[in-house]
Amino acid sequence: MNNATLIISNLNASHKREQTIRDIEITLKEHQSMVIFGATGAGKTSLLRAIMGLDKISSGTIQLNGQNFHTMSTRQRAHLGIGYCPEGRRLFPGLTVWETLAVTFNGKKAERDRRIDEIFHLLPALKIKKGDRAWSLSGGQQQMLAIARATINKPKLILLDEPTLGLSPIMIDEIMEIIGSIKDNGATILMAEQKIEPSLSIGDLVVVLSRGEIIYKGLGDDIDPDQIASMVMTGSFEPIHN
Amino acid sequence: MLDISLQIILNGISLGCAYALITLGFVLVINAIGAVNFAQGDFVMAGGFLTVVLAEFMVADNFNPIRASGLIILPLVLISMACFGFLFSLIAYKPLKNRPPVTVFISTIAMGLIIQHSINAGFGPEPQIGPALISSGTITIGTLTISKQQISIILSASFLILCVGFLMNKTQLGRKLRAASQDSEMAESIGINGPQCISITFSLAIALAGAAGLLLSNQFFVTTSDGGLYMLKAYIAVTLGGWGRLDGAVIAALAVGLFEVIMATLVSYVVAEALLFAALLLVLLFRPSGLFAEAIQRRT
């Protein structure tokens with residue numbers, strides 16, 4: 001059997017009856033990370049939403065460790081081991097930092113408290129704010145909490161949708177450092193991003209989307225940021241010949 | 001004079017406590033589904049009638065040696081009404097959940113009318129009286145005479161409100177209910193069963209309405225047309241307390257009860273009602289988000 005964590009085959013999906021992604025083919029092996037680039041409306045968010053079961057899949061299959069899950073509900077996908085950090089964070093505004101982590105954790109109380117302590121050790125900024133409601137946190141703290149929420153159950157696959165959106169340059173570096181440390185711990189990550197340079201350090205693999213289709217797929221080391229930027233802007237891939 | 005003032009305040013607090021239970025349930029449903037359950041008042045009335053039936057059943061010949069007391073009936077009413085609430089969510093909400101909120105509130109109006117007319121068909125329009133919570137009578141402390149019924153209403157309602165507060169804030173189920181009510185799609189994404197949370201919320205809300213019906217059934221009697229009035233009181237309390245705020249709703253419901261009793265004693269019940277709606281209009285005019293609204297913002 002293929003040892004890939006995630007295999008997406010011929011995936012087509014729609015949002016509010018409009019087709020958003022077309023014939024997507026992606027293979028992401030265990031412990032690998034992939035960054036999806038693309039202009040606004042290219043289909044990055046739609047792809048992650050389709051994987052999470054939030055957008056309707058019209059055809060194609062998605063497998064996680066050999067198990068087809070494209071017919072499962074969003075809730076079942078979460079229990080299968082997919083952690084999702086959506087665009088715009090989507091925190092529960094009235095829940096405190098601690099409550100957000102506690103409500104997400106699936107397991108016994110002692111185990112939960114240990115895991116929350118681990119997260120607070122990694123993200124001390126959240127520990128200081130553990131009793132504060134999510135809506136009162138700064139943008140960076142909210143993003144840290146959204147990432148912590150997506151990773152608290154140690155998922156097999158982590159989906160990160162534009163985790164640096166709306167953050168200051170200093171905070172972008174900090175968030176990328178956090179994602180880098182999650183990757184170094186062996187997580188399998190699929191991340192959609194618009195900011196090319198800071199994200200390339202995360203992606204073993206790079207995919208560029210345009211109008212819902214893959215226009216480039218390759219190793220992160222094989223491509224430079226300017227080429228990606230050009231593809232994102234023009235919506236087409238033209239190899240550079242030296 | 002002091003005795004009378006204290007007695008009026010106690011009357012107001014006990015009525016406000018019953019309103020607080022109705023309003024709490026009302027807010028829980030608004031938060032969970034984003035639509036108003038217009039049958040909440042009719043469930044208060046249904047809880048009152050259920051209390052009357054259970055009380056008669058319990059004192060029936062040779063059935064049970066325990067004389068019917070509201071406190072013994074209360075758990076039965078809570079459980080029965082919670083079951084009705086679960087059924088109600090399956091009938092009035094679940095089939096319509098993907099429709100606009102207006103469809104849901106029309107469906108709850110229809111269900112409220114069905115409940116009202118069904119009970120009317122069975123009992124008729126005459127007022128019924130439920131049992132006292134512990135016993136009727138008074139307690140005398142110095143020169144102060146306090147009604148046992150009012151004290152027991154205040155204590156029972158406070159206990160139930162504290163239980164709801166504990167459930168919502170200190171248990172995993174409560175956190176799930178709150179998460180699902182704040183962002184149902186995201187709640188599903190972290191593995192929470194959203195539809196189940198909504199059914200549990202309806203159960204809880206309607207159990208609270210039933211408890212309020214029991215508490216009110218002795219002092220205020222119960223008639224099949226009561227639902228609309230309770231519904232309006234809950235609506236006023238929610239508006240004053242700030243839409244979606246559980247603590248604001250409880251405080252506002254207590255204030256509504258107190259205001260109503262004080263004004264009814266000083267002037268008249270009709271004037272009290274009119275002034276209550278005038279106060280509502282003033283709040284809507286000058287503080288439309290409610291007196292206790294929290295400035296919840298999403299930072300980016």
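All of the numbers you see were taken from the coordinates with simple rules; none came from a lab. Quick caveat: nothing in here was measured; it's all calculated off a predicted structure. With ideal geometry, Cβ positions are generated from the backbone for all residues, glycine too; neighbour counts draw on all protein chains shown.
With r defined as the distance between the Cβ atoms of B:Y269 and A:S168 and R0 fixed at 51 Å, what FRET efficiency is calculated, to the nearest 0.05?
In this case the efficiency is close to 0.30.
If a helix is a whole DSSP H run, which ones in chain B reach 24 Å or further along their own axis (Cα) and hold a mean Kyte-Doolittle hydropathy of at least 0.5?
B:2-33, B:40-58, B:70-88, B:101-123, B:148-170, B:194-219, B:246-266, B:269-286
Considering every residue in A:72-78, what mean count of other chain Cβ atoms within 10 Å of its Cβ is obtained?
5
Residues in region A:188-212 near a label at A:E87, defined as backbone nitrogen under 17 Å from the 7 Å Cα→Cβ point?
A:190-196, A:207-212
Provide a whole-number value for the mean count of partner chain Cβ atoms within 10 Å of the Cβ atoms in peptide A:27-39.
Taking all residues of A:27-39 together, the mean is 0.
Let me spell out the model: positive unit charges on the Cβ of Lys and Arg, negative unit charges on the Cβ of Asp and Glu, origin at the Cα centre of chain A. What dipole size does that give, in debye rounded to 20?
The dipole magnitude comes to about 1340 debye.
So if R0 is 30 Å, what FRET efficiency would B:I134 and A:K108 give, r being the distance between their Cβ atoms, rounded to the nearest 0.05?
So the FRET efficiency works out to roughly 0.15.
Enter the angle in degrees (range 0 to 90, nearest 10) between the Cα long axis of helix A:169-184 and the first principal axis of the Cα atoms of chain A, meaning the one along which they spread out most.
Its long axis makes an angle of about 90 degrees.
Give the angle, between 0 and 90 degrees and rounded to the nearest 10, that separates the Cα long axis of helix A:225-234 from the longest principal axis of the Cα atoms of chain A.
70
Taking the Cα centre of region B:2-286 as origin, work out the dipole magnitude from +1 charges on Lys and Arg Cβ and -1 charges on Asp and Glu Cβ, in debye rounded to 20.
It comes to approximately 600 debye.
With a Förster radius of 56 Å, plug the Cβ-Cβ distance of B:L167 and A:D226 into 1/(1 + (r/R0)^6) and report the FRET value to the nearest 0.05.
So, using R0 = 56 Å, E works out to roughly 0.50.
What order do you get for B:Y269, A:Y84, B:Y19 when you list them from fewest to most C-beta neighbours inside 10 Å?
Ranked by crowding around the Cβ, least crowded first: B:Y269, A:Y84, B:Y19.
Anyone know which of B:A234, B:A121, B:A253 comes out most mobile in the 10 Å Cα GNM of chain B?
B:A121
Inside 10 Å of the C-beta atoms of A:86-95, what's the mean count of C-beta atoms belonging to other chains?
Across A:86-95, the average partner-chain Cβ count within 10 Å equals 5.
Which order do A:I7, A:I21, A:I228 fall in if you start with the one that has the fewest other Cβ atoms within 10 Å?
A:I7, A:I228, A:I21
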